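To start, the structure itself, in structure tokens.
The values are calculated or read from the model by the stated rules, or taken from the named source; none is laboratory data. Just so we're clear, the structure is a prediction, and the values are computed from it rather than from any experiment. When we count neighbours, we look across all protein chains shown, and the Cβ atoms used for this are built from the backbone with ideal geometry, even at glycine.
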Amino acid sequence: MSTQFGAHMNPFVRTIAACALFGLASGPLTAGATTLAALTPDQMVDAADDVVEGTVLSVAPWTDDTGRVWTRAQVRVDRALKGAVAPAQVITVEAPGGVADAGAFTEVPLAPRYSVDERVFLYLSAKRHGTMYGTVGLVMGKFTIRQNPADGTEMLVRFTRPAGEVYDARFIPHPPVAERVSLAVTEAAVAARVELGWDGRAIPGISSDRLREINKLQPGVK
């Protein structure tokens, strides 16, 4: 499963300096780095309030009081693997960066992108209330569900583009064969981790108290 979080990304993964402007350079992102410092699959599950599969219903920008553009995707939950959300529930997933209606845009290099009708697999971090989320580690916590052309099974693909470029999940490239990640295998791994619980080990950017709050604890963890 180690390739799950090293899945294919385009050359857009550069610096996270822009992320620091949004207060998003903690956790799996290391200040000053040029690539993602990947969490393990178990850490991704532990760090997430919810893990879901869903379908993107709409995507829209909004601009905050400082003039920075954000993007909000409305996602219908099709399957819930961790947390309190339920199938058919519609949640809002917010990402920093995007293109405003007037054409201005804010670039955040590690931000996930979304397109309507895209099927997604998300490691979610609750923001302000139960229907507003971000993704764990920005683009690290967002995958597109696509058909593997080699065998017809479903796979997970991590891919993003700069905010000023068109993003359409129908046309994202397939990862190299050796880096293709099975959806079914990932679902089983997530379910097993949720059932086993958190092992008590620290995860950068999230407090132990929070990890205890959102996870079952393994025997012996206090």
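Of all the residues in the range 61-98, those that are crowded, with 18+ Cβ neighbours inside 10 Å and aliphatic (A, V, I, L, M) number 9. Taking the conditions (1) surrounded by 14 or more Cβ atoms within 10 Å (Cβ to Cβ); (2) modelled with pLDDT of 95 or more; (3) in a loop (DSSP other than H, G, I, E, B) in turn, Thr160 satisfies each one other than (2). Can you tell me how many residues in the range 169-204 are among the aromatic types (Phe, Trp, Tyr), closer than 29 Å to Val116 by Cβ and surrounded by 14 or more Cβ atoms within 10 Å (Cβ to Cβ)? Result for the range 169-204: 0.
Rundown of residues vs (1) touching a Ser or Thr at 6+ places or on another chain (Cβ under 8 Å); (2) aromatic (Phe, Trp, Tyr); (3) assigned to a loop (DSSP other than H, G, I, E, B); (4) modelled with pLDDT of 90 or more, yes/no style:
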{"site": "Gln74", "(1), (2), (3), (4)": "yes, no, no, yes"}
{"site": "Asp78", "(1), (2), (3), (4)": "yes, no, no, yes"}
{"site": "Leu81", "(1), (2), (3), (4)": "no, no, no, yes"}
{"site": "Ala88", "(1), (2), (3), (4)": "no, no, yes, yes"}
{"site": "Thr92", "(1), (2), (3), (4)": "yes, no, no, yes"}
{"site": "Ser115", "(1), (2), (3), (4)": "no, no, yes, yes"}
{"site": "Phe121", "(1), (2), (3), (4)": "yes, yes, no, yes"}
{"site": "Leu124", "(1), (2), (3), (4)": "yes, no, no, yes"}
{"site": "Gly134", "(1), (2), (3), (4)": "yes, no, no, yes"}
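Would you mind finding the one in Val116, Val108, Val120, Val99 that is touching a residue at least 40 places away in the same chain (Cβ under 8 Å) and within 10 Å of the chain's Cα centre (by Cα)? First the steps, then the outcome.
On the way: Val116 fails: within 10 Å of the chain's Cα centre (by Cα); Val108 fails: within 10 Å of the chain's Cα centre (by Cα); Val99 fails: within 10 Å of the chain's Cα centre (by Cα).
Result of the check over Val116, Val108, Val120, Val99: Val120.
The condition (being touching a residue at least 40 places away in the same chain (Cβ under 8 Å) and of a type in the set (A, V, I, L, M)) is satisfied by just one residue among Ala169, Ala192, Ala188: Ala169. Within the range 202-216, the residues that satisfy the criterion of being touching a residue at least 40 places away in the same chain (Cβ under 8 Å) and out of contact with any Ser or Thr (no Cβ under 9 Å at 6 or more places or on another chain) are Ile203, Leu211, Ile214, Asn215.
The single condition among (1) surrounded by fewer than 18 Cβ atoms within 10 Å (Cβ to Cβ); (2) in contact (Cβ under 8 Å) with a residue 12 or more places away in the chain that Gln147 does not meet is (2). Here Val185 does not fit the description of being in contact with a Leu (Cβ under 6 Å, 6 or more places away or on another chain) and assigned to a helix (DSSP H, G or I).
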